[in-house]
Structure formats: structure tokens, C-alpha cells
Amino acid sequence: MSDKIWLSSPHMSDEGYEKEYIKEAFETNWIAPLGPNVNEFEKELASKVGAGYAAALSSGTAAIHMALKAAGVDKGDIVFCQDLTFSATANPIIYQNATPVFIDSNFETWNMDPKALELAFEKYPNVKAVIVVHLYGLSADLDPILELCKKHNVTLIEDAAESLGTTYKGKYTGTFGDYGIYSFNGNKIITTSGGGMLVSDNKERIAKVRFWSTQSRDKARHYQHSELGYNYRMSNIVAGIGRGQLKVLDQRVQKKRYIFDFYKRELGGLEGVEMMPINDWNEPNCWLTCITVRGKVKPLDIIEALEEDNIESRPIWKPMHMQPFYEGYDFVGEGISEKIFETGVCLPSDTKMTDEDLNRVCEVIKRLWY
């Protein structure tokens, strides 16, 4: 069996930056939750993306949950959520006992369709928040979405879990809305093994999120809690890994884009193959390179052929309105997200891949055509 090629696995820095921060934490006995690495990671990431403030949390999911709570989303409120995404985008809406309404994507961006969003506002005028996703590192078309949210005075939350390092018209995704979230899960462009970050220019709300996510412990000598709290804060060890990873983010983005260009050159000419859309205003991090296929070769044919050669690939995210748990909630759109799901494949995009690895992937796929 050939060596395994992973979809997107953790990639620590060659310089060992992460080990230095972890070593410092051990030597100073900052093993408990919070500590200097957490404080500095928040500052460094906020500075990198151009956000005012940041709260380091245990996951990107926790960050979405805290963003919804900070936005005042509560029982019975309606939240518009991008349909084509991972379930972690939608689940926190349910945590808050709110009601999701799923918004379709368009082929031009694979992300939230502003036209479908406008229709949703007409159908549901009393909306508390909108969650837009930057899928696979591709930026949504933010200007019309921002305009609609401003017109209806609705909070915009950017799920930038997959798009750290992506820019929209020269500005980093995650910094356009009222709140932005990033994920440092093991498969993300940089990883802390698990963790997330909430960013915002609202200092008071970020301070409140830090309070809630540290069990809402009041300032008292004894343990006193006047509000419901959560155990969502990032540990000092995990934050040390994040600080080291942040130093190589630009390198990782460069390699991800190289992988996309390689696949485009080798596979873009195959009949029925289309690369994921990259627009003039979007500089994606290309977290995963994805294609759609139409014709004699089906997505499952590609996935199974790669699997036989010990190569990991995946289908595109299954839309939320098609998920058994969420099928009872409303969906606004024409089913574009479903078409992308049915025709899409996520190709191996591991930043440790060599040209030899990339050629191996491409040769397996090409054999299905020739």
C-alpha cells in the first residue's frame, strides 16, 4: 500500500515555534487554563487580521455560540444561516433555542446568495442575526450582504472557520461583520489541535464573552454566578501552539494556493470538470481545493478511486436543509447548494504534500477519463 495522502492534516512549523511557546508555559508552570499565551494569541491574531479585539475559545463552534449570545439571540428568534456549510455553523442557533432559516448559495461564490438573502428578509422581516460562511476559504460576496444587514439593522456574524488568511477586496474575512469567528481544528490552515477565536471591534461585547466563557464567575471572594456560564476558554498550552502557527500562516496560504494552481493546471481541462470559483475581488486561502464534475465520471468515482490508492478525499458539505436534524426548518433558494453538493469533491490539500504526491493524485483521477 502506498503512503497515505491526507486531505488536510496538522502541519507544525519547521522552525519549532510552537515548541518554544509550550516549553515556556511548562517552565513557568502556566499549565492551567488561561495565561500569557492566551493573552498574546488574542492580541497577535487580532493584529494580524485587523480586528479590534479577540477572545480565545475552545472551538470555532463555541465562538459562534458566543457571537449569537453577544448579539442577543434568544429563544424563538430567527437566524438566517448559510445552507451549504458544516453543521457546526448551525448547531449554536439551536443551543440558543432560536430558529434557523437556511439561505441558498450561488454558483459564483458557493456561498450565501444575496438574492436569496433578500427574499428571506421579505419573508421574515424580524430577524435577529445572519451567519454567512466563507466556504473552503472562498469569500462570500460581502458588500451586498452587508448592505442588506445594515438596511434591516441585523447583526452579521462571519463564519471564517475555513478562511483565515482569505481577503475580500483587500481586507481579511472575519472582520467585516459585527463578529467573526475562526477555527483552529486539526484540519484547518493553522491548528492548535482544537480551538477557536471570536473577533469584533466591540470591546464591551468581547469582554462579556470572556466572562461568559469562564463560567460567568462574578468578581467576588467566593464563587458567585449571576449569569449562566460556559467552560469555553482556550488553555495556555493550546494558545502557545496557536502563536507558533500564526507565524507560518502566510506560508501555509502560499502552499494552499500552489496546490490549487497545480490541480487547475492538471485537471482543469478534463471534460466536465470545473474548479471552485475564484473571483477578482477574492484572494482565497484555498484551504481545500474543490472541483465539481458533470458527465460520465461521478464524484463518488473519484473518491473511491483515490481511496483505493490510500488517498483521502471527501464530498462537498451536505447542505443543512438536507440534514435529518434540520429538514423541518425553512430553506430559501433554488437548490443551488444541493447541486454543488451532488457534483462536488474536496481534493487532498495537505500543505505537506510534495509535487510527487500531487502528481499521484492527478494520475489516479485522470485514469477515470482515459
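Data overview
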item	result
Residue-normalised accessible area of segment 122-253, expressed per residue, 1.4 Å probe, Å²	41 Å²
Isotropically averaged projected area of the chain, using the convex hull of Cα atoms (one quarter of hull area), nm²	19.3 nm²
For Thr99, distant residues with modelled amide H under 5 Å away	Gly76, Asp77, Ile78, Val79
Considering only segment 135-278, percent of DSSP beta bridges that pair antiparallel, nearest 5	65 percent
Karplus-derived 3J(HN,Hα), 6.51/-1.76/1.60, for each residue of segment 210-227, Hz, glycine and proline x	4, 5, 4, 7, 10, 6, 6, 7, 5, 7, 8, 5, 8, 6, 9, 9, 9, 9
Rounded if a/c under 1.5, otherwise prolate or oblate - segment 128-191, Cα gyration tensor axes	prolate
Surface accessible to a 1.4 Å probe, per residue, for the residues of segment 1-114, Å²	42 Å²
Exposed-site-free run, longest, the chain (rule: GluC sites (Glu not before Pro); DSSP loop; at most 15 other C-beta within 10 Å)	109-226
The chain - percent of accessible surface contributed by carbon and sulfur, probe 1.4 Å	48 percent
Relative contact order of segment 161-203, pairs being alpha-carbon contacts under 8 Å that are 6 or more residues apart, as %	34 percent
Interchain or long-range residues, amide H under 5 Å from Thr351's placed H	Ser9
Diffusion constant of segment 134-233 at 20 °C, which comes from Stokes-Einstein with the Kirkwood Cα-pair radius and 1.002 mPa s, µm²/s	141 µm²/s
Among Gly333, Gly72, Gly242, residue whose mean-square fluctuation peaks in a GNM of the chain (springs only between Cα atoms under 10 Å)	Gly72
Coil-residue trypsin sites (Lys or Arg not before Pro) of segment 38-113, DSSP, other Cβ within 10 Å capped at 15	Lys75
Placed amide H near Val133: partners under 5 Å, 5+ positions off or other chain	Gln82, Met112, Asp159
Karplus-derived HN-Hα couplings along segment 116-133 (A = 6.51, B = -1.76, C = 1.60, θ = phi - 60°), whole Hz, x at Gly and Pro	5, 4, 5, 4, 5, 5, 5, 7, 10, x, 9, 10, 8, 7, 10, 10, 9, 10
Inter-part distance where segment 349-366 and segment 135-177 are each reduced to a Cα centre, Å	31 Å
Mean separation of Cα contacts under 8 Å (6+ apart) over length of segment 120-171, as relative contact order %	45 percent
Loop-resident sites, segment 172-228, for chymotrypsin sites (Phe, Trp or Tyr not before Pro), counting at most 13 other Cβ within 10 Å (DSSP)	Tyr223
Percent RCO, i.e. relative contact order, over the chain, from Cα pairs under 8 Å lying at least 6 residues apart	25 percent
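The values are calculated or read from the model by the stated rules, or taken from the named source; none is laboratory data. In this text the structure is predicted, and so the values were computed from the model without any measurement. All Cβ positions, even for glycine, are placed from backbone atoms using ideal geometry, and neighbour counts span all protein chains on display. Please note that ligands, DNA and RNA were not included when accessible areas were found on the heavy atoms of the full protein model with its side chains. Shrake-Rupley method; radii C 1.70, N 1.55, O 1.52, S 1.80 Å.
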